[in-house]
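We did not get these values from a lab; they are worked out from the coordinates using the rules stated. Note that the structure is predicted; figures quoted are calculated from it, not measured. Cβ placement follows ideal geometry from the backbone for every residue including glycine, while neighbour counts extend to all protein chains displayed.
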Amino acid sequence: MRPRRGLRWSLWLAAVLLLAACRPSAPAAPTPPGGEENTPTPAETTLPTPLPPFNMAGVSVDVYPEEDDQASYLAVYLNLYNDFFSYFGIAQNEGAEWVNNPLEVALRFQEWPPAEPNCSSRKVYYLPGEDSRQVTIILVLSGCPDETISEMKLRVELQQVESYWNIKWAGKMWKCSRSEYAEYRDNWNLFPCP
């Protein structure tokens, strides 16, 4: 008699396991009366604004609000900044902290001639990227000593090498203050200002 009870028990256990495996994991959501499924709208799915991976006391940094492409800038010849890179190398060898902050490296780069130092107003932005070892900082400058330019935009791309941040590319564009053509006064361009 005992072997039959074991057989029944085995069949019952197999049936329970089979039913458990075939059962759906969650009930399906009912379809609304209109026949369309509820899908979130873009306003409901907005992602939070990413915070910059760096900071500096007294400097506000925001995500750049527009599309920005390196190809639309006039490339800056970095060999014109030999004095800055000498200063950077000395600071790096002496263990200065500022070489470890991409924001501070970009701000110091902007203050060296032939860039546009001594501008009275500066807005600082960054472009979030996928690689945490690369940062793009955009500086929008106004009130600069060059009176032909009403605003200048400087894009600085940095890459982390060990613990310090090295400038790998820079470009600029501007808006003219005295142009007779509105497109040069109101839009970013690469043409010399009169």
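Remarks
- Failed item, numbered, when E97 is tested on (1) surrounded by 16 or more Cβ atoms within 10 Å (Cβ to Cβ); (2) of a type in the set (D, E, K, R); (3) over 26 Å from W188 (Cα atoms): (1)
- Applying the set (1) surrounded by 12 or more Cβ atoms within 10 Å (Cβ to Cβ); (2) under 25 Å from S132 (Cβ atoms); (3) of a type in the set (A, V, I, L, M) to A71 leaves exactly one unmet item: (1).
Listed here are the residues, each with its yes/no results for (1) surrounded by 17 or more Cβ atoms within 10 Å (Cβ to Cβ); (2) closer than 21 Å to W112 by Cα.
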residue: S132; (1), (2): no, no
residue: T136; (1), (2): yes, yes
residue: D146; (1), (2): no, yes
residue: S150; (1), (2): yes, yes
residue: L154; (1), (2): yes, yes
residue: E157; (1), (2): yes, yes
residue: W174; (1), (2): yes, yes
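- Among the residues of region 108-126, some residue qualifies, meaning at least one is over 21 Å from I149 (Cα atoms) and either touching a residue at least 40 places away in the same chain (Cβ under 8 Å) or part of a loop (DSSP other than H, G, I, E, B) (or both).
- Flag for S163 being of a type in the set (G, A, S) and touching a Ser or Thr at 6+ places or on another chain (Cβ under 9 Å): no
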